[in-house]
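Participant: This is the structure I want to talk about, given as structure tokens.
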Amino acid sequence: MNPPRSSGSSGTPNDRTERAMMRRALVLARRGWGQTAPNPLVGAVVVRDGVIVGEGFHARYGEAHAEVTALAAAGEAARGATVFVTLEPCNHQGQTPPCVDALIAAGVHRVVAAITDPNSIAQGGAARLRAAGILVDFGVEAEAARELNAAFAFAASGAARPWVTIKIAVSLDGALADASRAQRWLTGDKARHEVHRLRAAHDAIAVGIGTALADNPQLTVRQGKRPRVAPLRVVFDREARLPIASKLARSARRTPTILFAEHPDGARAAALSRSGVQVETVSGLGPALQLLRGKGVQSLLVEGGAGLIGAFLEAELADRLIIFQAPVLLGAGALPAFGTAPGIERLRLVDRQLFDEDLMSVYALR
């Protein structure tokens, strides 16, 4: 629950102008995409007399936070101004000093934060600001701000597993492949570029052994801006069947790769280990996810195949479902995308975008 709005606030916190300023801050926050983990994405806008006098965003882990950058851009114009920020200013000395100190020193009149900071270590910024006589409001564009940093908040809550997003590309008739099971792209270039952008925002990318054998994927970010840290690659492979000659195994010493097996063949597991693949013997998705979380993985992108996706859905271990639907029909004998998934209730639509003729829909599973 967000703290109550300050009774001394000037203006209505949810009016059109304030929403526009917070939306601008959210746009700025996204500029740090793939660069800030394990920190959140944050944007800030300094407004004086209805005019933006400074902007900033958290560009990279370890560098200046959004509020500090925006205040520096505003200079003396920050005195008496209102600062719109997508997350409650931190009250914690970490890689950088607390943002509340910079706001107090700048002499701002009011801070409007979309949401409170879920991190118990950094919390308390609003109280510090109010104690210094600065007005503080919460709640403007709160839903969008929460969604932007859902994985960060999930980890900050003490969750024992990563935030899990399932990504899948399907035909109009809800299939992954036609009757021949031949490998082919369903979506176009723009949709595939978006997938690489999604990869850049996750700590790890996972596939099942069926997908690893059929597609021989690299599971790397090869389009758009590279992430600060390459995502960990994960293969769910009960018997450790991943070929030594696969792209994943051959590049495991360059890009960390972990394989979860339940009943691995000893010789194959040893060979994969020698190639650089970390082989872990676990039973079930739950323990595997806990192991990943113990390695610092806050967010996991599951890219298939159908069996693995069905297992995540059945175990209720997924938080978001991203469907790219291509305008093609795969016909009789096609491989259904959700053939092994349990029946689920109507899902809440979080986002929808069109990439040329491919429709991307994001649904909340929790």
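Participant: For the chain, set up a Gaussian network in which alpha carbons nearer than 10 Å are linked by springs, and say which option among Trp185, Trp33, Trp163 fluctuates the most.
Facilitator: In the Gaussian network model the winner is Trp185.
Participant: Looking only at Lys295, Lys167, Lys225, which one moves most when the chain is put into a Gaussian network model with springs between Cα atoms under 10 Å?
Facilitator: Lys295
Participant: Step through the residues of the stretch 106-122 one at a time and calculate ³J(HN,Hα) from phi using the Karplus curve (6.51 cos²θ - 1.76 cosθ + 1.60, θ = phi - 60°), rounding each to whole Hz and writing x for Gly and Pro.
Facilitator: After applying 6.51 cos²θ - 1.76 cosθ + 1.60, I find 6, x, 5, 8, 8, 10, 10, 10, 5, 9, 6, 7, x, 7, 4, 6, 9 Hz.
Participant: Tabulate in residue order the Karplus-calculated ³J(HN,Hα) for the stretch 311-317, using 6.51 cos²θ - 1.76 cosθ + 1.60 with θ = phi - 60°, rounded to whole Hz; enter x for Gly and Pro.
Facilitator: So the Karplus estimates, Gly and Pro as x, are 5, 5, 5, 5, 7, 6, 10 Hz.
Participant: Under the 0.36 nm per residue contour assumption, what length would be gained going from the current alpha-carbon distance of Glu280 and Thr96 to full extension?
Facilitator: The span from Glu280 to Thr96 would gain 62.6 nm if fully extended.
Participant: Evaluate E = 1/(1 + (r/R0)^6) for Asp173 and Glu63, where r is the Cβ-Cβ distance and R0 equals 41 Å; express this FRET efficiency to the nearest 0.05.
Facilitator: Efficiency, rounded to the nearest 0.05: 0.30.
Participant: Also, quick follow-up: For Rg and Dmax of the Cα atoms in Å, which listed value, (1) 19.2, 54; (2) 21.0, 69; (3) 22.7, 71, comes from the coordinates shown?
Facilitator: So the structure-derived entry is (3).
Participant: Hey, another quick one. Give me the distance in nm between label points sitting 7 Å out from Cα along the Cα-to-Cβ direction at Ser120 and Leu213, one decimal.
Facilitator: 4.5
Participant: Could you give the length gained on full extension between Trp185 and Arg226, defined as 0.36 nm per residue of separation minus the Cα-Cα distance, in nm?
Facilitator: Value of the extension gain: 12.5 nm.
Participant: Please enumerate, by chain and number, the lysines with C-alpha under 26 Å from the C-alpha of Lys190, excluding those fewer than 8 residues away in the same chain.
Facilitator: Lys167, Lys225, Lys247
Participant: A follow-up question, please. Can you find, among Val111, Ser157, Ala144, the residue farthest towards the positive end of the dipole of the stretch 105-189? Put +1 on the C-beta of Lys and Arg, -1 on that of Asp and Glu.
Facilitator: Towards the positive end, the residue furthest out is Ser157.
Participant: Also: What FRET efficiency would be calculated for the residue pair Leu347, Ala132, taking the C-beta separation as r and a Förster radius of 45 Å, to the nearest 0.05?
Facilitator: About 0.55, to the nearest 0.05.
Participant: Out of residues 5 or more away from Ile166 or on other chains, whose amide H comes under 5 Å of its own, with H placed 1.01 Å from N in the peptide plane?
Facilitator: Here the answer is Val302, Asp319, Arg320, Leu321, Ile322, since their amide H atoms fall under 5 Å of that of Ile166.
Participant: Equivalent-ellipsoid semi-axes (√(5λ), Cα gyration tensor) for the stretch 171-329, whole Å, largest first?
Facilitator: On the way: eigenvalues 119, 65, 56 Å².
Value: 24, 18, 17 Å, ordered largest first.
Participant: So what is Rg over Rh here for the stretch 237-366, counting just Cα atoms and using Kirkwood for Rh? Before the final figure, lay out each step's value.
Facilitator: Working: Rg = 17.3 Å, Rh = 17.0 Å.
The Rg/Rh ratio comes out at 1.01.
Participant: If you don't mind, another one. Please report the net charge: other residues with Cβ closer than 10 Å to the Cβ of Leu335, K and R +1, D and E -1.
Facilitator: Residues close to Leu335 contribute a combined charge of 0.
Participant: Also, quick follow-up: Tell me, what does the Kirkwood hydrodynamic radius of the stretch 133-230 come to in angstroms if you use every pair of distinct C-alpha atoms?
Facilitator: Hydrodynamic radius (Kirkwood, Cα pairs) of the stretch 133-230 is 16.7 Å.
Rule-based calculations on the coordinates, nothing more; no lab input. Source: prediction; values computed, not measured. Here Cβ is always computed from backbone atoms with ideal geometry, including for glycine, and neighbour counts include all displayed protein chains.
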